[in-house]
Every structure is written in structure tokens, then in C-alpha cells.
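Taking it in order: structure first as C-alpha cells, then the write-up.
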Amino acid sequence: MSFSSKRIMVTGGAGFLGSHLCERLLERGDEVLSVDNYYTGRRTNITHLLSNPRFEALRHDITHPIYVEVDEIYNLACPASPVHYQFDPVQTLKTSVHGAINALGLAKRLKAKIFQASTSEVYGDPTLHPQPESYWGNVNPIGLRSCYDEGKRAAETLFMDYHRQHGVNIKIARIFNTYGPRMHPNDGRVVSNFVMQALRGEPITVFGKGNQTRSFCYVDDLVSGFMKLMDTPDDFLGPVNMGNPGEFTIRELAEVIIEMTGSTSEIIEKPLPPDDPKQRKPDITLAKEKMGWEPTITLRAGLEPTIAYFDRLIKDNVID
Ligand code: NAD
Ligand code: UDP
Ligand code: UDP
């Protein structure tokens, strides 16, 4: 073991974002412990890291206490796509709330710095556009998305209260839609759905008229932001928005993906899910000012490796 490198725990380390974060921390020279119950994450996301002597993977459900020794914690454990988080809503809430309590309890005992992967969903269906961090949101507390939205809001509260009450060194990132290789092909999120449909020549399912907007951040940009946020001065806690401010309608996204894959798929309309936000675009002024961070990878540049990843999954027939 090296005494100069940091020991970093990543909950949700086998997930889409977590596996990229583990990879980047290892590249920087840190020791990394992935803690994951493989609910939505996959071991294949981290198989390539297992030969690294500075990497360790622990199967553990973060709703239960965990006793390890680390210097920093990134708390990413939580199903992120609506299909997955609505499958077992009670477990989703437990993961956000009990998971945050356990991760914060660990941080408190160890005096370790701790990062929370929050979400733009804390803004709900926003009445203000784009959303600055000072906006309190417009969340339905009893709807189908509430287990995720309110769980993440409660987790933010816990982080702030552990900071105020126990002096825990915290960082909160509000993440906007992010895409890239290792997204789950069947998780129902728009980028993975459209790319898989285009590659298979199946109809592209636009929900509603497709004039709702989203902003799509490529995973490499986002992970750089996570690491920058962790290294900001202790008095900067966030919450800070992280995402790509480029705004596209869902129909535009479908058209770009059809063009880039050279697909013959047609676009069809399906019913809009309940509580589906009409617009979402991050205001990243704070991240620019406090962290000198902004995304640099365009939608087309990020879609290229993403399409290549899904294409490989289909060709190798390894979709679970
Ligand atoms: P993901 O589903 O790929 O990863 C989540 C990981 O957490 C998975 O590996 C899963 O197995 C693990 N996990 C779930 N419940 C757990 C539990 N109880 N104990 C231990 N591990 C558990 O999703 P992702 O896209 O990588 O998201 C990671 C984090 O970022 C989540 O907290 C999510 O809410 C947040 N986020 C993601 C996005 C995005 O666009 N991808 C946007 C906003 C917020
Ligand atoms: N906890 C943990 N690992 C630790 C320290 C605490 O998992 O190293 C858990 C602990 O089981 C508790 C939670 O974190 O349920 C919150 O800890 P805290 O110290 O805030 O609360 P308390 O133990 O006083 O209830
Ligand atoms: N969407 C769509 N077709 C799909 C999947 C999603 O039109 O096959 C839409 C969805 O209704 C939403 C947007 O794409 O307006 C983004 O959905 P996603 O589930 O990726 O993330 P959200 O931002 O809603 O959490």
C-alpha cells in the first residue's frame, strides 16, 4: 500500500457513473473501494479494473452499516433511471435515505470528506428555467417519481445537517442527464433507448410530441467535475449543478441518433409518462465560478463512443 495515495470509497461503483469514476481515480493513483449490491450495476462494468492492485470491489447494500477505513467517500449508490427506481420504490427511498445516513455516519467517524450524487430531479417539474441552485423546486411529494426525487432531497438535507451539526466535510453535486458507454441498455433512459432502437432498426419511441427538452452531458465531462468539486476549498459545499447546458428537444435527439447510426428507424409517438418534466437545462454559472468547470464534449462527439459501445453489446450478444 502507498502512503501518499488516498483511499477512496465509491458507493455504486459498479454502476454507469461509478465505474467511470473508479477508473479515473485509479488513473490518478488513488486506492479505490467500490461498494455495490449490483442492483442496477454490473460486474462487467468493473471487470477490467479487478487486476489493478489498488482496486477492490465489495458486494454490500449501503442501507446497512459499513465499517471500512477510507479518506474520501463518493456516495453514488441509487438506481437512477425511472424504470429501475420505480421497480421497488421503497428500496429506492431506503437507499437514498438510509444509504446517506450510513455513508455520513462513516464519514463522521473517519473525518472523511464525502460527496453526494444528487440530481436535477430535486427541482421536479421546474417553474423556473434554467434552474439555478437557489431554486427550491416543484416536486410532487406523492407521485411515481417521488421515491427518487424526495429521497434525493432528504439526502441533501441529511448532508447539510451532518455538516452543520457534526462538522462533516461535504460536497453536493446536482447532476443533470448524463450519458455514455456502460449506461444500462435496458434502463429505459432516452439515450440508451434511442440508440438501441436505432441500431436494431426498431421504431424510435418519442414520448408525447417530443418537444420536451433535456440537456445531455457526456460522462467524462461529468466525472472531471466530480473530482474537481471534491478538491474545492472546504467552505464550498454546493449544492452545485453539473450538466451540459446545450438544450435539445427529444425529437431532435432522435433525429441526430438516426442520422449518426445511419438507421432506417421511423419515429413513433407514445404516451408521455406522468410528471414528466417539460424542460430541463442546468444553469452552471456556479460550477464555472467556483470550480472552473464546464463541459467540453459536444452531443455528437459524446454520442460516437456511446453508439460504438451499444453496437458492440449487440454484436457480442451480451445484453442482460
Ligand atoms: P446506475 O444505476 O448505473 O448506478 C447506481 C449504482 O448503485 C448501481 O451500480 C447499483 O447496483 C448501485 N446500488 C443501488 N442501490 C444500492 C444499494 N442499496 N447499495 C449499494 N449499491 C446500490 O446509475 P448511474 O447513472 O450511474 O447513477 C449514479 C448516481 O448518480 C445515482 O445516485 C444517481 O441518482 C445519480 N444521478 C445520475 C444521473 C445520470 O444521468 N446518470 C443524473 C442524476 C443523478
Ligand atoms: N455507521 C456506519 N459506519 C461507521 C459509522 C457509522 O455504517 O463507520 C452507521 C451507523 O450504523 C449509524 C449511521 O451510520 O446507523 C449513522 O451514524 P451516526 O454516528 O450519525 O449515528 P448513530 O450511530 O449515533 O445513530
Ligand atoms: N423519453 C422518450 N422516449 C424514451 C425514453 C424517454 O421520449 O424511449 C423521454 C422522456 O419522456 C423524457 C426524456 O425522454 O421526457 C428523458 O427521459 P429519461 O428517462 O432519459 O430521463 P429523465 O430526464 O426524465 O429523468
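Throughout, read-outs are computed from the coordinates displayed, never taken from laboratory work. In this text the structure is predicted, and so the values were computed from the model without any measurement. Please note: Cβ atoms are built from the backbone with ideal geometry, for glycine as well, and neighbour counts cover all protein chains shown.
Neighbour counting of Cβ atoms within 10 Å sorts the residues 71, 234, fewest neighbours leading, into 234, 71. Residues whose amide H falls under 5 Å from that of residue 267, counting only those 5 or more places apart or on a different chain, are 204, with hydrogens built in the peptide plane.
Taking segment 19-38 and a reference point 7 angstrom along Cα→Cβ of residue 5, the backbone N atoms nearer than 14 Å belong to 22-34. Pull out a ≥ b ≥ c, the square roots of the eigenvalues of the alpha-carbon gyration tensor of segment 227-315, then state rounded if a/c is under 1.5, prolate if not and a/b is larger than b/c, and oblate in the remaining case. Because a/c hits 1.5 or more and a/b exceeds b/c, segment 227-315 counts as prolate.
Decide, for segment 4-58, between rounded, prolate and oblate: order the square roots of the alpha carbon gyration tensor eigenvalues as a ≥ b ≥ c, take rounded if a/c falls under 1.5, and otherwise choose prolate if a/b is larger than b/c, else oblate. In terms of gyration-tensor shape, prolate.
All other residues with a Cβ under 10 Å from the Cβ of residue 234 taken together, and with Lys, Arg as +1 and Asp, Glu as -1, what is their net charge? The partial results should precede the final answer.
Working: positive: 113, 171; negative: 235.
Cβ neighbours under 10 Å give a net charge of +1.
When the expected Rg is taken as 2.2 N^0.38 Å, what fraction or multiple of it is the alpha-carbon Rg of segment 63-189? Spell out each step's value before the answer.
Numbers: Rg = 14.8 Å, N = 127, 2.2 N^0.38 = 13.9 Å.
Against the compact-globule rule of thumb, the ratio is 1.07.
Beta-bridge orientation, segment 7-315: approximately 10 percent antiparallel, per DSSP, counting only bridges with both partners inside. Is the shape of segment 28-114 rounded, prolate or oblate, going by the alpha carbon gyration tensor and its root eigenvalues a ≥ b ≥ c, with a/c under 1.5 for rounded and a/b larger than b/c for prolate? Taking the square roots of the gyration eigenvalues as a ≥ b ≥ c, segment 28-114 is oblate. Rounded to the nearest Hz, the phi-derived 3J(HN,Hα) couplings of segment 194-202 under the Karplus curve 6.51 cos²θ - 1.76 cosθ + 1.60 (θ = phi - 60°) are 5, 5, 4, 5, 5, 5, 8, x, 8, where x marks glycine and proline. Against the main long axis of the alpha-carbon atoms of the chain, helix 299-316 sits at an angle near 90°. Relative contact order of the chain: 17 percent, from C-alpha pairs under 8 Å at least 6 residues apart in sequence. Proximity of backbone amide H atoms, modeled 1.01 Å from N, is registered between residue 35 and 10, 11, 12, 13, 58 at under 5 Å, excluding neighbours fewer than 5 places apart on the same chain.
Axis of helix 89-110 versus longest Cα principal axis of the chain: the two differ by about 30°, to the nearest ten degrees. Using helices alone, I'd like the mean residue ellipticity at 222 nm for the chain: each DSSP H run of four-plus residues gives -39500 (n - 2.57), total over residue count, nearest 500. Result for the chain, helices only: -12000 deg cm²/dmol.
For the pair residue 256 and residue 111, the difference between a 0.36 nm per residue extended length and the Cα-Cα distance amounts to 47.5 nm. If you plug the beta carbon distance of residue 50 and residue 164 into 1/(1 + (r/R0)^6) with R0 = 35 Å, you get a FRET efficiency near 0.35.
Around the amide H of residue 238, modelled in the peptide plane, lie the amide H atoms of 172, all under 5 Å away and 5 or more residues distant in sequence or on another chain.
Across segment 7-315, Cα-Cα pairs farther apart than 36 Å form 12% of the total. When 28, 189 are arranged by Cβ crowding within 10 Å, least crowded first, meaning fewest neighbours, the order is 28, 189. The phi torsions of segment 32-43, fed into the Karplus equation with coefficients 6.51, -1.76 and 1.60 and a -60° offset, translate into couplings of 10, 10, 8, 10, 7, 9, 6, 5, 10, x, 10, 4 Hz, rounded to whole numbers, with Gly and Pro shown as x. The long axis of helix 219-230 is offset from the longest Cα principal axis of the chain by roughly 20 degrees. Phi angles across segment 243-258 convert, under the Karplus curve 6.51 cos²θ - 1.76 cosθ + 1.60 with θ = phi - 60°, into 3J(HN,Hα) values of x, 9, x, x, 10, 10, 6, 5, 5, 4, 4, 4, 5, 4, 5, 4 Hz, Gly and Pro given as x.
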